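Written out below as structure tokens is the structure these notes cover.
Quick note: the coordinates plus some simple rules give every number you see, no bench work behind them. These numbers come from a predicted model, not from an experiment. Neighbour counts run over all protein chains shown; Cβ positions are idealised from the backbone, glycine included.
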Ligand SMILES: [Zn+2]
């Protein structure tokens, strides 16, 4: 899939970069907890001393499922095909996201962060993040 030079994403606050794609998280300076998406206080120790950090782009499938029915609004799809969602362990934090490229996965399978087509807005493609199997 070719990525256009101007990349429209579903929510820019989820990323520190879209080319290359890197997710934004929060890191607590007091206890070291990491969270995704970024927030302004630590959910573990309540500290306000948190900063936005770039999260690792490779992880392993922690759990997954494949949906065989279309998501209800406000979620959008151009045309429905069964899709997988899962939790991916990035080491610092477990992130829920789309698992793209196939519908059968294995716990512990290695995956990489990618941009994935969310929907098309008139002629513009809107991207979100996903994870695909490391080949
Ligand atoms: Zn903390």
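When the Cα convex hull of the chain is projected onto planes of every orientation, the mean area is 9.0 nm².
With a 10 Å cut-off between alpha carbons and a GNM built on the chain, which of 14, 113, 99 moves the most? Of 14, 113, 99, the Gaussian network model singles out 14 as fluctuating most. Spatially, segment 29-102 and segment 107-135 are offset by 12 Å when compared through their Cα centroids.
Return the single residue from 114, 61, 50 with maximal mean-square fluctuation; model: Gaussian network over the chain, springs between Cα atoms under 10 Å. Taking springs between Cα atoms under 10 Å, the residue moving most is 50. Taking a point 7 Å from the Cα of residue 17 along the Cα-to-Cβ direction, the residues of segment 91-135 with backbone N closer than 15 Å to it are 113-115.
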